[in-house]
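The values are calculated or read from the model by the stated rules, or taken from the named source; none is laboratory data. Since we're looking at a predicted model, the values are computed, not measured. We place every Cβ from the backbone using ideal geometry, glycine too, and count neighbours over all the protein chains shown. Note: areas computed on protein heavy atoms with side chains; ligands, DNA, RNA excluded. Shrake-Rupley method; radii C 1.70, N 1.55, O 1.52, S 1.80 Å.
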Amino acid sequence: MNLNLQPKHTVLPGFTPALGFTIFYLSLIVLIPLSAAFLKTSLLTWDAFWATVTAPRVMASYRLSFGAAFIGAAINAVFGLLVAWVLVRYKFPGKRIIDALVDLPFALPTAVAGIALTAVYAPNGWLGSILEPHGIKVAFTPLGVVVALTFIGLPFVVRTVQPVLEDLEAEAEEAAVSLGANRWQTFTKIIFPAIAPALLTGFSLAFARAIGEYGSVIFIAGNMPMISEITPLLIITKLEQYDYAGATAIAVVMLVISFVLLLIINGLQWWNAKRNGSIK
Amino acid sequence: MSTKSYQNKIANSRAIAEPVWIRWLLIGGALAYLGLFLFVPLAAVFTEALRKGFETYLSAFSEPDALSAIQLTFIAALVSVPLNLVFGVSAAWAIAKFNFRGKSILITLIDLPFAVSPVIAGLIYVLIFGLQGWFGHWLSDHDIKIIFALPGIVLATIFVTFPFVARELIPLMQAQGKDEEEAAIVLGASAWQMFYRVTLPNIKWGLLYGVILSNARAMGEFGAVSVVSGHVRGLTNTLPLHVEILYNEYNYVAAFACASLLAFLALVTLALKTLVEWKTAQAQQPELSQEST
């Protein structure tokens with residue numbers, strides 16, 4: 001990394017110690033430990049690495065982790081937009097409390113979320129007992145994984161779309177109406193393009209969070225190999241069998257995917273900021 | 001403020017508002033979704049915890065294992081939150097008040113722990129300090145335990161809560177600019193005077209929010225801590241891990257009782273967050289509130 005340590009003219013003190021400590025702490029806690037995963041994997045031969053990360057049980061876990069994370073993020077994109085819309089535009093009783101509670105998945109420990117969702121969606125639970133007679137099993141199936149990952153990603157779309165909706169100019173919508181657009185046309189042609197970058201950012205954040213999620217999923221998933229076993233659980237299973245190389249190889253695959261997603265999200269946020277006329 | 005004026009505008013303009021029945025349909029849809037995924041599970045935690053009465057509920061906390069888990073959870077948060085607080089302030093100071101090359105890379109790197117699965121966060125410390133890890137032999141020769149002991153739990157907790165304070169402060173301090181601090185220095189304040197009298201009062205609410213959030217995550221972290229803890233009852237179990245053990249032993253009432261404690265912490269966190277947002281909004285409108293008094 002090529003950091004130029006000379007700030008432009010300023011009288012403010014503390015640049016060098018502040019940046020120095022930042023880089024030191026970042027390296028110590030994040031960068032060096034993360035590089036350990038890559039170094040450990042580089043000890044494997046390419047064939048051994050490839051065989052580990054493409055074993056049938058591992059492939060099944062990718063399909064579940066990425067598939068369920070995608071469905072969960074898609075559900076959140078649709079309903080998160082709805083929640084943001086309702087919170088910004090309408091008045092209804094209890095709105096402020098509901099607005100505050102949207103962040104619950106950020107604050108609630110994942111293990112608590114996991115056992116709570118299991119209790120609710122188990123065959124004898126409040127909602128599970130309603131769904132069971134209709135042949136819908138949620139807990140201990142891949143559907144349960146989707147439910148947990150939807151819970152985990154719930155705040156992201158709401159919190160990225162909400163500020164953009166608040167800042168929308170009513171004038172643009174009024175102009176559309178006076179030019180003869182109906183309400184649906186105003187939404188699809190005026191409102192939706194303005195919130196699309198934020199919606200996509202929220203979707204990606206929810207997706208990225210969901211693929212690595214562990215605590216809330218393992219209680220509700222049932223954890224059957226090939227069927228309802230997520231990739232992070234597979235890493236833990238390998239660790240418990242002292243297969244450090246195998247666990248690390250899978251972790252590296254997930255890390256690379258997460259980094260790519262992080263770059264995409266940064267790009268989206270930049271696009272979002274540009275679209276709304278303010279680069280932060 | 002902007003929300004309010006916007007809503008008034010919408011309310012006054014029938015042309016860009018939906019018919020009443022569509023409004024209620026949309027509100028109903030939003031509430032149904034939040035109900036299914038948020039409110040019902042939250043209510044379930046407290047109902048399940050109190051299923052066998054208040055006495056049984058309280059007895060879950062008098063168990064020695066539960067008490068030591070609560071204690072360990074507090075220790076982990078007490079060490080990790082202040083460290084990340086110092087980091088967050090210095091990172092935000094360097095990033096928000098100075099220009100240097102590589103700044104956007106640095107911001108992305110600070111966000112990295114958000115993108116890493118908690119399980120991997122635990123794994124990387126096992127690779128370094130575990131028995132088979134880089135320092136494994138040296139540590140076991142000197143009888144120092146990091147993995148499956150308190151230091152590992154603290155490290156994993158620091159990792160997962162790493163970005164929170166910095167994330168809160170960077171945009172806030174960027175928006176505030178550096179005029180006030182420069183004025184303080186030019187008028188002869190020392191660096192610490194400037195920090196305590198100018199910077200700290202300006203960022204206190206954002207700082208508080210960052211600390212609240214990291215604390216909630218620190219006390220509730222499960223995946224990362226689970227990898228490094230070793231799950232020794234009464235020794236290396238944090239409260240979320242204790243919940244898991246009780247649940248897997250089919251001791252549902254005790255599991256949900258401990259879970260309700262963590263859920264209560266989450267609710268307090270959200271309440272404080274709302275308060276902080278309200279205070280920040282107030283701080284940004286000083287002229288208006290003065291006019292109205």
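Data for the structure
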| read-out | value |
| --- | --- |
| Relative packing of peptides B:136-148, B:260-272 - highest average C-beta neighbours within 10 Å first | B:260-272, B:136-148 |
| Segments B:226-234, B:238-246 sorted - mean Cβ within 10 Å per residue, highest first | B:238-246, B:226-234 |
| Accessible-area composition of chain A, carbon plus sulfur, in percent [1.4 Å probe] | 69 percent |
| Dipole of the protein assembly as shown, positive end: most advanced residue of A:Ile211, B:Leu26, A:Ile257 [Cβ charges, Cα centre] | B:Leu26 |
| For region A:238-254 versus region A:32-87, the gap between their alpha-carbon centres in whole angstrom | 14 Å |
| Test item: A:77-88 mean partner chain Cβ contacts at 10 Å | 4 |
| B:Arg217, B:Arg167, reordered so the largest accessible area comes first (probe 1.4 Å) | B:Arg167, B:Arg217 |
| Debye, to nearest 20: dipole size of region A:130-280, +1 on Lys, Arg Cβ, -1 on Asp, Glu Cβ | 200 debye |
| Inter-chain Cβ neighbour average for residues A:213-222, partner chain, 10 Å | 4 |
| Residue among A:Phe24, A:Val102, A:Ala37 farthest towards the positive dipole end of region A:1-105, charges placed on Cβ | A:Val102 |
| Karplus-derived HN-Hα couplings along region B:28-39 (A = 6.51, B = -1.76, C = 1.60, θ = phi - 60°), whole Hz, x at Gly and Pro | x, x, 5, 5, 4, 5, 5, x, 4, 9, 10, 5 |
| Per residue value of the accessible surface for chain B (all protein chains in place, 1.4 Å probe), Å² | 46 Å² |
| Per residue accessible area in Å² of chain A, where ligands, DNA and RNA are left out and the probe is 1.4 Å | 43 Å² |
| Pairs of Cα atoms farther than 32 Å apart, the protein assembly as shown, % | 49 percent |
| Cα gyration tensor shape of region A:69-122, rounded if a/c is under 1.5, else prolate or oblate by comparing a/b with b/c | oblate |
| Chain A, relative contact order [Cα under 8 Å, separation at least 6], % | 27 percent |
| Accessible area buried, both sides summed, chains B and A with 1.4 Å probe, Å² | 9200 Å² |
| Cut-off of 10 Å, at most 15 other beta carbons, DSSP loop: longest stretch of chain A lacking such chymotrypsin sites (Phe, Trp or Tyr not before Pro) | A:1-125 |
| Projected label distance in nm at A:Thr188 and A:Ile97, using a 7 Å step from Cα toward the beta-carbon | 3.9 nm |
| Debye, to nearest 20: dipole size of region B:197-281, +1 on Lys, Arg Cβ, -1 on Asp, Glu Cβ | 460 debye |
| Exercise: per-residue mean of other protein chain Cβ atoms within 10 Å, B:265-275 | 4 |
| Global geometry of chain B, whether rounded, prolate or oblate, following the gyration tensor of its Cα atoms and the 1.5 cut on a/c | oblate |
| Three-way shape call for region A:1-138 based on the alpha-carbon gyration tensor, with the a/c threshold at 1.5 | oblate |
| Residue-by-residue Karplus 3J(HN,Hα) for region B:115-120, coefficients 6.51, -1.76, 1.60, Hz, glycine and proline x | 8, 8, 4, x, 4, 5 |
| Of B:Ala254, B:Ala283, B:Ala216, the one that fluctuates the most in a GNM where chain B has Cα springs shorter than 10 Å | B:Ala283 |
| D_trans [Stokes-Einstein, Kirkwood Rh over alpha-carbon pairs] for chain A, 25 °C, 0.890 mPa s, µm² s⁻¹ | 113 µm²/s |
| Relative packing of peptides B:116-127, A:228-239 - highest average C-beta neighbours within 10 Å first | B:116-127, A:228-239 |
| Relative contact order [Cα under 8 Å, 6+ residues apart], chain B, whole percent | 28 percent |
| Chain B, dipole about Cα centre (Lys/Arg Cβ +1, Asp/Glu Cβ -1), debye to the nearest 20 | 660 debye |
| Positive-end residue of A:Pro193, A:Pro123, A:Val161, charge dipole of chain A with Cβ unit charges | A:Pro193 |
| Too-long pairs where the Cα-Cα distance tops 20 Å, listed order kept, from B:Lys204/B:Lys273; B:Lys103/B:Lys178; A:Lys238/B:Lys145; B:Lys178/B:Lys279; A:Lys95/B:Lys273 | A:Lys238/B:Lys145; B:Lys178/B:Lys279 |
| Rounded to whole Hz, the Karplus (6.51, -1.76, 1.60) HN-Hα couplings of region B:205-219, x for glycine and proline | 6, x, 4, 4, 5, x, 5, 4, 5, 5, 5, 4, 5, 5, 6 |
| Surface share of carbon and sulfur [accessible, 1.4 angstrom probe, percent] for region B:142-270 | 62 percent |
